[in-house]
Amino acid sequence: MDRKPIRYDADTWLCIRNDPAHPKAIIRRFRDVKRGDVYLVIKWDVDPAKQVLMASAATLERANELVRYDPTPTGRERFAGYPDFAGEARGKP
């Protein structure tokens, strides 16, 4: 289930995933004269100092695809950048 990002302003979108009250990530568009538009995926936090650049993409659609849902007890796969499931060692299934 992919959700479309919510447009905040001309160059910023908010990505909502598991928690409907807080964004999972921010996508910011930057205009690059040589490469065209670049979309930066930033992990959202209330404190701007804790926001972290997670990825970049050439299109808004691809940037949105890079924002994953959190693992749930129903068995979704884990993915890079998020904690391992309780009791598992890093790098092991």
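We did not get these values from a lab; they are worked out from the coordinates using the rules stated. Because the structure is a prediction, the values reported are computed rather than measured. Neighbour counts run over all protein chains shown; Cβ positions are idealised from the backbone, glycine included.
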Inter-residue pairs, beta-carbon under 8 Å, first assigned to a strand (DSSP E or B) and in region 50-67, second crowded, with 17+ Cβ neighbours inside 10 Å and hydroxyl-bearing (Ser, Thr, Tyr), 6+ apart: Ser56/Tyr39; Ala57/Tyr39
If I filter region 27-72 down to residues being among the small types (Gly, Ala, Ser) and surrounded by 13 or more Cβ atoms within 10 Å (Cβ to Cβ), which single residue comes out as nearest to Arg7 (Cα to Cα)? Ala63
For Arg28, the lone unmet condition from (1) without any contact (Cβ under 8 Å) to a residue 40 or more places away in the chain; (2) assigned to a loop (DSSP other than H, G, I, E, B) is (2)
Tally up the residues in region 1-25 that are surrounded by 15 or more Cβ atoms within 10 Å (Cβ to Cβ) and in a loop (DSSP other than H, G, I, E, B), please. 5
